[in-house]
1. Express in nm, to one decimal, how much length is gained between Ser208 and Val172 on full extension, taking 0.36 nm for each residue of separation and deducting their alpha carbon distance.
2. Residue by residue, what Karplus-based ³J(HN,Hα) values in Hz, rounded to whole numbers, does the stretch 359-374 have, using 6.51, -1.76 and 1.60 with θ = phi - 60° and x for Gly and Pro?
3. What does the charge dipole of the chain about its Cα centre add up to, to the nearest 20 debye, if the Cβ of each Lys and Arg holds +1 and the Cβ of each Asp and Glu holds -1?
4. Sorted from largest down, give the three principal axis spans of the alpha carbons of the stretch 233-374, whole angstrom values.
5. Which residues in the stretch 300-319 have a backbone N closer than 15 Å to a point placed 7 Å from the Cα of Asp335 along the Cα-to-Cβ line?
6. How are the alpha carbon pair distances in the stretch 219-278 distributed across 10 Å bins from zero to the largest one, expressed in percent?
7. Between Glu99 and Asp142, what is the FRET efficiency for a Förster distance of 35 Å, r being their Cβ-Cβ separation, to the nearest 0.05?
8. D for the stretch 87-133, whole µm²/s, Stokes-Einstein with Kirkwood Rh over alpha-carbon pairs at 25 °C and 0.890 mPa s: what number?
Amino acid sequence: MSAMKKTNILLGLLLSVSLMSCKTEKELTLMNNTNLNCGFDTFCRLDAYVSSEDEFNTYYNTMVDDFRYYHELFDIYNNYDGVNNIKTINDNAGKKTIEVDQNIIDLINLAKEISELSDGAFDITSGSLLKVWHNYRDEGKDLNNDGYYGNTPSIEELEAAASYRGYDHIIVDDDNNTVYIDDENISLDVGGIGKGYAVEKVAQHLESIGLKYGSVNGGGNQRIVNTKPDGSGFNVGIQNPRGENSSIIAVLKNQSNKAVVTSGDYQNYYIAKDNIVYSHIIDPSTLFPANHYYSVTIAIDDSGLADCLSTALFVLDYNEGLSLIEKIKEKYDKDIIVVWITSKPLSDSSIQSSIDNSQYITVTDNFKDQIVTD
């Protein structure tokens with residue numbers, strides 16, 4: 001399910017949470033475990049402050065089961081017995097209405113909202129276009145591994161694929177939990193939101209059954225549950241997009257009840273002629289991979305929202321991104337921290353990285369005090 005990932009586990013974790021093992025006056029101990037077979041073609045990890053190993057295992061097993069459940073719902077490649085998923089919807093485009101789980105309805109409605117707010121910079125109806133790039137990227141990676149450059153699609157091929165998209169072709173019936181695509185050539189690709197949505201739902205479920213302090217990580221999409229037991233927040237590292245071995249270029253300090261998600265050009269890419277790197281994040285307006293930034297990191301109190309916003313902001317230029325941030329704050333009444341990593345400063349407030357002086361870090365103005373860059 002490689003199209004659904006923003007993080008390549010072979011390249012290391014995007015984000016690392018600073019978690020110190022300790023006991024509190026309530027004798028809570030930090031435990032963690034990672035599963036490499038929980039779906040979304042990536043890992044899932046739980047860090048939790050608990051009173052016993054049995055308590056931790058209850059949360060951990062619930063997390064793994066939940067991730068597998070959402071993986072099946074949002075899969076665009078595989079069928080599962082008794083499950084109407086995104087592939088089911090795509091397979092029946094132009095044919096019939098499909099009754100689906102409420103989570104698919106909610107995911108599509110959220111994706112549509114962000115598409116409208118971002119003027120189409122984020123668009124899950126671009127499945128035909130993304131499939132073209134997915135095929136070229138898979139071929140390109142194989143060629144790169146053999147020492148050759150990958151190929152690129154022609155503009156004619158991209159324009160033909162891009163002609164099949166648009167939310168007006170997706171009919172969602174909220175009352176009856178059904179979805180219908182009225183054009184057989186249009187397909188959904190939820191790679192820019194599915195994993196983040198799942199992380200949010202998993203974290204909410206764990207909290208509802210008793211988890212008070214901890215963190216859920218789905219392939220680098222981090223969701224912090226409350227705080228540490230002593231009331232302090234978590235420090236979240238942002239990966240150096242041009243570094244090696246998952247080195248950290250900056251740290252978001254003292255985060256609580258936040259999801260932290262990064263989109264970057266270094267996570268899933270191939271190299272074509274003239275040594276041009278083509279990442280997996282496609283700009284619907286140009287039909288080619290976006291190249292404004294090395295990475296964009298979002299911190300906001302909803303992982304599904306963070307996931308699609310990181311994609312949209314990676315596609316938009318800086319001023320367009322600032323406009324989208326204001327729209328999000330107005331619509332959802334949420335604080336949002338954005339960290340852009342670039343090859344040149346975006347504003348007078350941009351900070352030259354002390355780790356790598358060829359990179360610059362720009363943070364939304366109200367939250368500069370929450371970033372550490374050295």
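The values are calculated or read from the model by the stated rules, or taken from the named source; none is laboratory data. Quantities reported herein were computed from a predicted structural model and do not represent experimental measurements. Glycine gets a Cβ as well: all are built from the backbone with ideal geometry, and neighbour counts include every protein chain shown. Protein only, heavy atoms only, side chains kept; ligands, DNA and RNA dropped before computing areas. Shrake-Rupley method; radii C 1.70, N 1.55, O 1.52, S 1.80 Å.
1. Full extension from Ser208 to Val172 adds 10.1 nm.
2. In residue order, the calculated couplings are 10, 10, 10, 10, 10, 3, 3, 6, 10, 4, 6, 9, 10, 10, 10, 8 Hz.
3. On the way: 29 positive and 56 negative charges, 202 e Å.
The dipole of the chain has a size of about 980 debye.
4. Projected onto the principal axes, the Cα atoms of the stretch 233-374 cover 44, 33, 27 Å.
5. 300-302
6. Reading the bins upward from 0: 19, 40, 25, 11, 4, 0.
7. Details: r = 39 Å, r/R0 = 1.11.
Given R0 = 35 Å and the Cβ-Cβ separation, E is 0.35.
8. Numbers: Rh = 12.0 Å.
Approximately 204 µm²/s, per Stokes-Einstein.
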